[in-house]
Structure formats: structure tokens, C-alpha cells
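Values quoted throughout were computed directly from the atomic coordinates according to the rules given, and no laboratory measurement underlies them. It should be emphasised that the depicted structure is a prediction, and the values quoted were computed from it without experimental measurement. With ideal geometry, Cβ positions are generated from the backbone for all residues, glycine too; neighbour counts draw on all protein chains shown.
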Amino acid sequence: MSSSTLESAITDLWNRYEANDVDAESATEDDMATLETFLDALEAGDVRAAEPRGEDGEWTANAWVKQGILLNFGLRETRAREYGGVTYNDVLPLADSSDFGERGSRNTPDGTVVRRGAHVGSDCILMSPAFVNVGAHVGDGTLVDSCDTVGSCAQIGANVKLGANTLIGGVLEPVESAPVVVEDGVSLGAGCRVTSGFVVGENAVVGENTLLTPRIPVYDLVEEEVIYGELPAERRAFTRFVESSISDHDLFEGGAYKPAVVATALEDRTLERSEREEVLRNR
């Protein structure tokens, strides 16, 4: 089924669902076959929850893809499933990772979970425990380290390093909102958090425990501007604290401060350190 045909089928099914003409009990075999084809397309990377568009490459949500994911929750019933000798209950099974080895990807036991409908590319490494949710796209050559979460619909580029205990948030609803995006070549230090549709630009290197969210300002010292919701490409970023507007309140003796992200140009030594880590992780 072509992407355009699949989009039409999902859109029709979504309209019926919104009009209360179909539910988990009344869905037909053809309806469920459409959902299975849709999940296969997500896993293959043929369709994505968001894509860069236009001359500036702005990331835009594919609303119909998000609708397809929501349909898989609305038209399926929770049932008992088996994994690793344990019974769990969910509307979706886990992804079949038996072909990971054929494309050079590895996922270590125990507790590395890839949900049905998530795309994992070639030459990826998923270290346990880690979780990749439905609709997420993990590009070729990317490392998902221990205790990492890749949320629903998150778009992770190629050759990305997600440090241990990193959280990539998911944005499933509203369907028109773009999810979190981490572009090609990014390195996120341990303990980073990226949420609420934030976009991390290509080849950025982010210090450990940095929170990237549209509510926290990014002080870009390269362009000398304050921006929200994105970290430009080719930046080194880290957390600092700036004076808050409530500093004059009597309760805050000595002043009050709020977190901010400072972005500077990449230094040669930063790039060299990232390259050494790349060599080490392949051993």
C-alpha cells in the first residue's frame, strides 16, 4: 500500500472513529488490517510522525500519522501478553526485533523494550534498560543508552548519542503539534531532558543534566540572541542560572534565579572528545 493510499485509509477510519461509527467492538477485519499495515510502515520508516519541510527545513507534524497511532489505542482492547516469562497488559505488542542483527543493530537484555510501531534503524545500539515508544523514529547509527526513554513520536536522527538516563519526551496530542526532534549527529550528555516539541539542531553537543524545553530560554552567544524551543546546529550547550524577575521580592534574600541554557560555538576539543566516545562505544 502506498503512503498516499495508507493516509487516505487512516483518515477515513479516523473520521468514522470521531463520528462514533466504529469502536474496539465494531472494528472489522479490514479496519484492523489497515492498522497493522500502518504499524508496519512506521517500523519500516516509510511514514513518520513529523518531517522537515520547506526551504528552512522546519519540522512539521504529520497529523494523519498521529491519528493512526491514536486509532491503535481507540480500536484495540487491552489484553494479556507474554514477554520474558512475564505477563503484561497492553493494547499493543512489542516490536519484533529478531531482524535487528541482520541490519547491524543490537539490543541488550534484559529490559530493552521497543514497542510495536517504533522505527529502529541500522547499526543502532540499545542498552538495557531502555524504552522506545510507538511512533518514535531512531535513525541509523544511533546509541540509546541505559535508562533512556524515547517518547511517542519523537524523531531521533542518525548517529545520535543519547547519554545514560536521558529522557526524550513524546508529543502525541494535539496531533498538529510537532514532537521532540533530535537531529543528526547530536550528542546528549547523561541525564538530559528534552520535552514539549523542542528541536535540537544537527551536531549539537549538550552537557549532562541539561533541560531543553520551550519554557526555558536559550542564550545563543554565537548569534547573540535569546531563543525558545530550539537549539541551533553546531552548538555546545549547558545549563546556567540567570536572575529572575522576582529577585526583588522580600522572600528572596540575595536574589532569585531561574535556569537557562547557554549555547556557544563548538570547540575542537569538544568534537575530539565526542569522537573518542564514538570509538569507545563500538568496542
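Numerical summary
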| item | result |
| --- | --- |
| In Hz, Karplus ³J(HN,Hα) per residue of segment 114-127 (6.51, -1.76, 1.60; θ = phi - 60°; x = Gly, Pro) | 10, 7, 3, x, 9, 9, 10, x, 7, 6, 8, 10, 10, 9 |
| Residues whose placed amide H lies under 5 Å from that of VAL120, excluding near-sequence neighbours | VAL138 |
| Dipole of the chain, positive end: most advanced residue of VAL200, VAL134, PHE241 [Cβ charges, Cα centre] | PHE241 |
| Extension gain, ASP23 back to THR11 (0.36 nm per residue minus Cα-Cα distance, nm) | 2.8 nm |
| 5 angstrom amide H check on ALA154, placed H, neighbours 5+ away | ALA136, HIS137, VAL171 |
| Size of charge dipole - segment 1-99 - debye, nearest 20, with Cβ of Lys, Arg +1 and Asp, Glu -1, no other charges | 240 |
| Sum of -39500 (n - 2.57) over DSSP H runs of 4+, divided by residues of the chain (222 nm, nearest 500) | -6500 deg cm²/dmol |
| Loop sites in segment 172-245: chymotrypsin sites (Phe, Trp or Tyr not before Pro), DSSP, at most 12 other Cβ within 10 Å | TYR228 |
| Length gained when the stretch ASP110-GLU176 is fully extended (0.36 nm per residue, less Cα-Cα span) | 20.2 nm |
| SER98 paired with ILE227, simple spin-label distance in nm, labels 7 Å along Cα-to-beta-carbon | 4.6 |
| Fraction of antiparallel bridges per DSSP, the chain only, in percent to nearest 5 | 35 |
| Linear extension gain, SER247 paired with THR37, 0.36 nm per residue minus alpha-carbon span | 70.0 nm |
| Dipole in debye (nearest 20) - segment 39-176, about Cα centre, beta carbon charges: Lys, Arg +1; Asp, Glu -1 | 320 |
| For segment 223-238, Karplus couplings with θ = phi - 60° (6.51, -1.76, 1.60), whole Hz, Gly/Pro x | 8, 6, 8, 9, 10, 10, x, 7, 10, x, 5, 6, 10, 9, 10, 7 |
| Farthest positive-ward along the chain dipole, Cα basis, beta-carbon charges - from ALA61, ASN159, VAL144 | VAL144 |
| In segment 1-75, GluC sites (Glu not before Pro) in a DSSP loop with at most 14 other beta-carbon atoms within 10 Å | GLU25, GLU55 |
